[in-house]
Every structure is written in structure tokens, then in C-alpha cells.
Amino acid sequence: MASLDTAVIVLAGIALFAAFINGALGYGFSSLTVPLALVFYTNRILNPAVVLIEVLLNLYVLSINLNGVPAVWKRVFPILIGLLPGIAVGAFVLASLQPGWIKFGTYTVILPLILVQAAGWRRPIRSTWLIGLPFGTALGILYSVTTISGPPLAILFNNQGLVKSEFRAGLALVRVAESSVTAIVYYQLGLFIAESQNILLVFVPSVVLGVPLGAYLIRRLDAETFRRVCMSFDAWVVGFGFSRVLIDLNLMESPWAYGVLAVTILIDTYLLYVFFTIQKAASERANDDPN
């Protein structure tokens, strides 16, 4: 087990990198921070600090994407309604269950979502209310337990055919609502403890530096390639965390538990190969097009 000083230094580095990604893509702080930070902290200590940071980050992202709100708010509204009962249930689960099993549940849900997103799964979704309400409830449970919602939201919005401005505005609307309501529920349940405040103090300077840096550099990078590489990093991190929690809960012994990480790397490597093959073909077609 790492010392407290080592854990704080690593956490600051994780938060800086995650803030950089969030600044570039408009989401990703919690989905990158939480899987790695869970190696050192439990969800019950980590989540309150992450949620407070996300309230500020999401308000910032919403403020710079307000032009997309009129086109997307009707699609987002059913999700916002569904969030409320889901957040209440998830916060109660967080306050009640043994931390190791919450980690296990976090990794079990998040890893398939990341790999589905990395595979570029597309299936047009038409019925906004029929999908939005149950999706919002499930998302509320997931977020209030794990503080992660980016992968499922990205999958939903990509399959609804949203353009970039609508995509970012929709993400921001949902994430402002979920982080704000979750923060209130956490406060009512007394989950803001001294350890969470210490983590918050580590997050703040990392976010202040990382977000503007990410927003600046994404202008010089191919956003889709950058996003895909970040998903690979996220998948490998979650695979490692999943392997560790299997050992901690005595569900599998080392080194066999690291088979989860190995399988994750193999699947993601194949998906990366497919992604870059498609990107190369698209680039060659564009170069061959005389227009």
C-alpha cells in the first residue's frame, strides 16, 4: 500500500491529466480520475470531491456551449426527469454497501461501456421519452454511485445523431443536473467528510491548470483520434482496477486476476487497429477526391 504522500502525488497527476482531457473533449474528468484513484481511495471518500469539481467543470462546459441548448433540450428533458429517482437510489447504495463491492460494481459496469464506445457502436435511437426516462434513472444510479456518466451519455448521443455543438450542449445539460443534484443528496446524507475535503484541495489546482491547457491543445489535434486514444487509456486503467479489486475481494488470485486486464488490452488493441484502418481509408479517399 502506498504512503499517503505518494497517493496524493499520484492523485494530483491523475487529476491533471483528467482535467486536460475534460478541457479538450468536454467530458472525461470522472471517468479517468475515478478508476485510477480507486486504487488508493474508496468511492465513499472520493466521490464527494469529484462531484464538487464536476459541478464547476460542467457549468463551465455548459456556458461555452449555450448555442447548442435550444436544439437539444427537448431530447435531454426526459433524461433529466429520470435522473432524480436514480440519484436518490444510487446515493443510498453508496452510503450503505461495503466499499470493495462498490468498486467491483463500478468496474463491472464501466468496462463494457468503454469498449462499446470504443467499438463505435451505432444504432439509431428515435423514441426520446421511451428511452430517456429509464436511461436517466439508470444513469442517475450509475453517477451517484461512481460519479461516471460520460461513456453511456456519449453512446446515447452519438446514436441520436447529434452534431458536435448539440452533443457538447446535451452532455453539459445532463452533467450539470446530475452533479448538482448528487452534491445536494451527498450533503443530506452526510458524505462530505474531512478526507473528501483533502482530496478536493488536490483536485482544484490540477483542474485550474489542466482544463484550459486541454481546450488550447485540442485545436491543434485531430479530435476524433485524440478521443479514441483517451478511450484506450481509460479501458486499460479500468481493466487494471478491475483486476486489483478481484484480488482484494478474494474473488480471484494473482496473477490470474490480471487476465481481465490482458483480455481488455487484447480487445482494445483490435478495436484500435479497426479504428485506424478506417481512418486511413477515409483519409485516402479524401486525398483521391478531386473536389
**Prompt:** Long-range amide H contacts for M252: which residues qualify at under 5 Å (H placed 1.01 Å from N, peptide plane, sequence gap of 5 or more or a different chain)?
**Reply:** I247
**Request:** Would you please give the FRET efficiency between V229 and V204, computed as 1/(1 + (r/R0)^6) with r the Cβ-Cβ distance and R0 = 35 Å, to the nearest 0.05?
**Result:** 0.85
**Prompt:** Going highest first, how would you order 28-36, 94-102 by mean Cβ packing within 10 Å?
**Reply:** 28-36, 94-102
**Fill in**
Candidates R220, R75, R228; GNM for the chain (alpha-carbon contacts under 10 Å) flags as most fluctuating R220
**Message:** Taking the full set of protein chains and a 1.4 angstrom probe, give the accessible area of K74 in square angstrom, rounded to the nearest 10.
**Reply:** 140 Å²
**Fill in**
Taking the alpha-carbon centre of each part, the distance from the stretch 13-82 to the stretch 256-279 in Å is 25 Å
**Request:** Would you mind estimating how fast the stretch 21-68 diffuses translationally, via Stokes-Einstein at 4 °C and 1.567 mPa s with the Kirkwood radius over Cα pairs, in µm²/s?
**Result:** 112 µm²/s
**Message:** Using only DSSP helix segments of four residues or longer, with each worth -39500 (n - 2.57), what per-residue ellipticity at 222 nm results for the chain after dividing by its residue count and rounding to 500?
**Reply:** -28000 deg cm²/dmol
**Message:** Helix check for the chain. Which DSSP H runs span at least 15 Å along their own axis by Cα, with a mean Kyte-Doolittle hydropathy no less than 0.0?
**Reply:** 4-25, 43-63, 69-96, 99-118, 128-146, 164-188, 194-217, 223-248, 259-288
**Asked** Roughly how much of V93 is accessible, in Å² to the nearest 10, using a 1.4 Å probe?
**Response** 40 Å²
**Asked** Kirkwood hydrodynamic radius (Cα pairs, Å) of the stretch 108-265?
**Response** 18.1 Å
**Request:** Compute the separation of the alpha-carbon centres of the stretch 166-223 and the stretch 99-116 and state it in Å as a whole number.
**Result:** 20 Å
**Request:** Please state, as a whole number in µm²/s, the translational diffusion coefficient that the Stokes-Einstein equation yields for the chain at 20 °C and 1.002 mPa s, with Rh defined as the Kirkwood radius across alpha carbon pairs.
**Result:** 110 µm²/s
**Fill in**
Between K280 and D248, the FRET efficiency computed from the C-beta separation at R0 = 41 Å comes out, to the nearest 0.05, as 0.50
**Solution diffusion estimate, µm²/s, Stokes-Einstein, the stretch 220-285, Kirkwood Rh from C-alpha pairs, 10 °C, viscosity 1.306 mPa s** = 119 µm²/s
**Complete:** For S196, the net charge from surrounding residues (Cβ-Cβ under 15 Å; K, R +1; D, E -1) works out to -1
**Prompt:** Out of residues 5 or more away from Y27 or on other chains, whose amide H comes under 5 Å of its own, with H placed 1.01 Å from N in the peptide plane?
**Reply:** none
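The values are calculated or read from the model by the stated rules, or taken from the named source; none is laboratory data. A quick note: this is a predicted structure, and the numbers were derived from the prediction, not measured. Cβ atoms come from the backbone with ideal geometry, glycine included; neighbour counts cover every protein chain shown. Remember, those area values only see protein heavy atoms, side chains included, never the ligands or the DNA or RNA. Shrake-Rupley method; radii C 1.70, N 1.55, O 1.52, S 1.80 Å.
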